[in-house]
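Down below is the structure, laid out as C-alpha cells.
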Amino acid sequence: MHALKKNRPLRRIVLASAATVSGMVMLLSLKPHSSPETALAVPAPSSSSSPSSGSSSSGGSSSSGGSSTSGTKTVTGNTIQTRWGPVQVKITLKGGKLTEVTAVQYPTDNPRDQEINSYALPRLRSEALQAQSANIDTVSGATYTSDGYRQSLQSALDSARG
C-alpha cells in the first residue's frame, strides 16, 4: 500500500477529542448573569411610596426631598425593575432647570454589571443634563440600564414639574 493512501484513524481520534475538549472548556468558562426571576425577586429598598411594578414608570408617586430655599428641588424617581436589577435616579432642579442627576440604584450584582455601569451611568447623566429631559440615547451595551434610567428620570421629572 502506498504511504499517502494510508488511513490514519488515530490522528482523527486525537483531533476530534481535542476539539471536543476545547469546546467544553469554552462553554464552561462562560459566566451568565443571574436569572431574571432572581433579579425581580430582590426587593428594592427605597424611600419611595411607588410600587415596583414591572418596567413601567406609571402609577405611584415618587418621593421628593422637598423644596429648599432658593428654588432648589430634589426628587427621586420611581424604581424601575430591569432584567438585571432595579434602576432608580434622583434629580435636582434649580429654578426649573435640571442641575444634577444621580443614580441611586443600579445593577451591581457581579463584576460585569459594575464594569458596564462604570461607563454607562456617567454618559447617561451627561446626556440628561445636556438634554434637560429624559429624551436621551441608549448606551450601547447597557440597554436595560439605559431604559430603566430613562424611565426613572422621566418619573422624577414628571413629579417635580407636575
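The values are calculated or read from the model by the stated rules, or taken from the named source; none is laboratory data. Computed from a predicted structure; not experimentally measured. Here the Cβ is made from the backbone with ideal geometry for all residues, glycine too, and neighbour counts use every protein chain on show. Please note that ligands, DNA and RNA were not included when accessible areas were found on the heavy atoms of the full protein model with its side chains. Shrake-Rupley method; radii C 1.70, N 1.55, O 1.52, S 1.80 Å.
When you check Asn110 against the structure, is it out of contact with any strand residue (DSSP E or B) (no Cβ under 7 Å at 6 or more places or on another chain), crowded, with 21+ Cβ neighbours inside 10 Å and either under 30 Å from Leu30 (Cα atoms) or at pLDDT 90 or above (or both), yes or no? In short, no. Looking at the range 1-41, which of the residues that are over 30 Å from Pro86 (Cβ atoms), among the charged types (D, E, K, R) and exposed (fewer than 10 other Cβ atoms within 10 Å of the Cβ) is modelled with the lowest pLDDT? Out of the qualifying residues, it is Lys5. Only one entry in Gln151, Gln105 is in contact (Cβ under 8 Å) with a residue 12 or more places away in the chain, open to solvent by 10 Å² or more (accessible area, probe 1.4 Å), of a type outside the set (A, V, I, L, M) and under 30 Å from Leu30 (Cα atoms), namely Gln105.
The combined condition, being modelled with pLDDT of 90 or more, hydrophobic (A, V, I, L, M, F, W, C) and touching a helix residue (DSSP H, G or I) at 6+ places or on another chain (Cβ under 7 Å), is not fulfilled by Val75.
Within the range 113-147, if we keep just the residues that are charged (D, E, K, R) and open to solvent by less than 70 Å² (accessible area, probe 1.4 Å), the residue that is farthest from the chain's Cα centre (by Cα) turns out to be Glu127.
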